[in-house]
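Below is one structure; the comments refer to it alone.
Coordinate-derived values only; no laboratory data. The structure displayed is predicted, hence computed values, not measured ones. Every residue, glycine as well, gets a Cβ built from its backbone with ideal geometry; the counts of neighbours run over all protein chains shown.
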């Protein structure tokens with residue numbers, strides 16, 4: 001772990017260069033194989049680390065707070081509840097622009113995706 005901490009900036013720079021072979025080259029859709037691997041990793045480790053082509057950033061999905069604590073620095077954390085809100089409850093109604101804004105808020109301020117407040121001007125009603 002100390003070796004990782006000592007080389008953190010070099011590791012992050014290498015990850016962001018994206019000059020490694022892409023395991024799942026189809027940028028337009030998530031394949032069944034990719035989802036199966038992410039689900040297995042979440043079940044085994046409690047978290048999964050990925051590169052988001054859409055966000056052009058490193059993201060870490062986690063199942064609980066203990067798993068969240070094991071996600072390396074440099075990854076933007078998303079709980080499974082947050083993913084559910086962004087991609088299932090309002091599927092197709094969260095624009096790419098809004099997703100990027102949410103991501104930037106999480107990245108810079110440690111924000112958290114919460115259920116919408118009905119009185120908010122930005123409320124997306126179910127249905």
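Rank these for me by crowding, 52, 9, going from fewest to most other beta carbons within 10 Å. Can you show the working numbers first?
Values: 52 13, 9 9.
By the 10 Å Cβ count, ascending, the order reads 9, 52.
Among 88, 75, which comes first, second and so on when ranked by fewest other beta-carbon atoms within 10 Å?
On the way: 88 8, 75 20.
Ascending number of Cβ neighbours within 10 Å: 88, 75.
By how many nm would the segment from residue 54 to residue 7 grow when fully extended, if each residue of separation counts as 0.36 nm and the alpha-carbon distance is taken off? Display every interim value, and only then the final one.
On the way: separation 47, 0.36 × 47 = 16.92 nm, distance 2.67 nm.
Extra length available between residue 54 and residue 7 comes to 14.3 nm.
Using the number of other C-beta atoms within 10 angstrom as an exposure proxy, rank 77, 103 with the fewest first.
77, 103
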